[in-house]
Amino acid sequence: MKIRPVRALLLAVAVAALAALALWAFRPQPVAVEVREVATGRFEQTIDEQGRTAVRDRYTVSAPVPGLIERIALDAGDTVARGDVIAVLRPAPPALQDMRTQAELRERVGAAEAAALRAKANEARASAAAELARQDYARARRLAEQGFTSRSAEDSARLLLTQQEQASKAAQFESHAAEHDLEMARAALTRGARGAAPGRLEIRAPVAGRVLRVMQRSEAVVAPGSALVELGDPASLEAVIDVLSQDAPRIEAGAKVRMSFSQAIAPATGRVRRVEPSARTKISTLGVEEQRVAVVVDFDAASTPAVVGDGYRIDAQIVVLERDAVTLAPVGALFRDAGGWAVFVASGARAERRAVQVGARNQSMAWIERGLDAGERVVVYPPETLREGVRIAPR
């Protein structure tokens, strides 16, 4: 039986439709990907570590001679003035009576006199350095106002002036402390002077401040140099941040630091004053030995939180690199390609593999020096099935 031409045509159309449907069903499916837009903005690279607050000028009052210390009535947080009696030392025979002790006390007076002279010399040197920094800052400010130098030079001169002034204050505190060490050494040699009761030595506060810790509260026989009370000014704080030794060379004096304490305390900012020259071994929470270096940070005057005291924990971000108006792409878009870096760019409905030059990276963004322009879209966390020219379906 012959098939009519119309039926043959319908059969051919049906076969063609089935073939087209099969091709459509088995065609390569686009790869579902997540895309992000490349932008222009500020790039920062930071070192994130933990640290603690510390009182800048800390003074430990110790026993100048062996004896029996009376019970100390001070508590942590109490305020003391310079010259206040903070402890009383009574003789504990024969240590305070024999000739050897008297000779030792005379030698201690000589050592205290030398320490006082050295502290005076350091104070004069620090004062001269502060005066020179003050003159340099005034000169830099005049040049900046006249347009002969940059504002950054003025800021550097201001920072140096602040550091030298703080160093001068510290030298003054050290000089005051040395003077009182000398007075205590003389009082120990000639006990009974200044109206004190015979056989009784009053240990006085070398500086005004607050009691940070009482190390020897109960009455006891103490040896020379035994720590009794720790004094300081809790309002004069610095931050000490422990960083890995491999990160320490990237940190420079004057680097910006952002610090956070808790949700109840406002964040603070500061500048790196110094990076300690030596590292120490610490055991991490995982039991791994690490070499850590202490980075000392000065709080900015306007951001020092009033409720923070000595020894508070800090989460710090030390800025080691910053650039403005650079091309930024998500770090998740980068992958290694022939020893360099590459990304997949969403070019229409296809993935385009493109090599890029990366200036630096942080936890979330990468600074792209060459290879991408702002406004382009890149594939984030590209799957292994993604290849050059593959169709993509952005999410």
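The values are calculated or read from the model by the stated rules, or taken from the named source; none is laboratory data. Fair warning: this is a prediction, and the values are worked out from it, not measured in the lab. Cβ sites come from the backbone with ideal geometry, for glycine too, and all protein chains shown count toward neighbours. Protein only, heavy atoms only, side chains kept; ligands, DNA and RNA dropped before computing areas. Shrake-Rupley method; radii C 1.70, N 1.55, O 1.52, S 1.80 Å.
Below is a table of values for the structure above.
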| read-out | value |
| --- | --- |
| Accessible area in square angstrom per residue, the range 163-266, 1.4 angstrom probe | 48 |
| Choice from ARG204, ARG350, ARG361 showing the highest fluctuation, given a GNM over the chain with Cα pairs closer than 10 Å | ARG350 |
| Dipole magnitude of the range 156-266, debye to nearest 20 (Cβ charges: Lys/Arg +1, Asp/Glu -1, about Cα centre) | 260 |
| Most mobile listed residue (ASP324, ASP84, ASP300) in the chain, GNM with C-alpha springs under 10 Å | ASP324 |
| Nearest 10 degrees, 0 to 90: helix 99-145 Cα axis against the chain principal axis | 50 |
| Whole-number percent relative contact order across the chain, with pairs defined as alpha carbons under 8 Å at least 6 apart | 28 |
| ASP300 paired with ARG71, simple spin-label distance in nm, labels 7 Å along Cα-to-beta-carbon | 4.9 |
| Charged-residue dipole, Cβ positions (Lys, Arg, Asp, Glu), the range 192-340 about Cα centre, Debye nearest 20 | 400 |
| Spin-label model distance (nm) - ALA153 vs THR285, 7 Å beyond Cα toward Cβ | 4.8 |
| Nearest-ten-degree value, helix 151-189 long axis tilted from longest Cα axis of the chain | 30 |
| Surface accessible to a 1.4 Å probe, GLU49 within the full protein complex, Å² | 40 |
| Protection proxy ranking, peptides 172-185, 217-230, average beta carbon neighbours within 10 Å, highest first | 172-185, 217-230 |
| Projected-area average for the range 238-382 over all orientations - Cα convex hull basis, square nanometres | 12.4 |
| Among (i) 254; (ii) 151; (iii) 127, the entry derived from the coordinates for volume of the Cα convex hull per residue in Å³ | (i) |
| Most mobile listed residue (ASP247, ASP315, ASP298) in the chain, GNM with C-alpha springs under 10 Å | ASP247 |
| In degrees, nearest ten, helix 5-25 long axis to first principal axis of the chain (Cα) | 10 |
| Under 5 Å, built H, 5+ apart or other chain: amide partners of ARG377 | VAL38, ALA346 |
| Heavy-atom accessible surface of the range 152-302: percent carbon and sulfur, 1.4 Å | 51 |
| Gain upon complete extension [GLN263, ARG250; 0.36 nm per residue less C-alpha separation] | 1.7 nm |
| Cross-link partners of LYS282 among aspartates and glutamates (Cα-Cα below 20 Å; sequence separation of 8 or more within a chain) | ASP48, GLU49, ASP242, ASP247, GLU290, ASP315 |
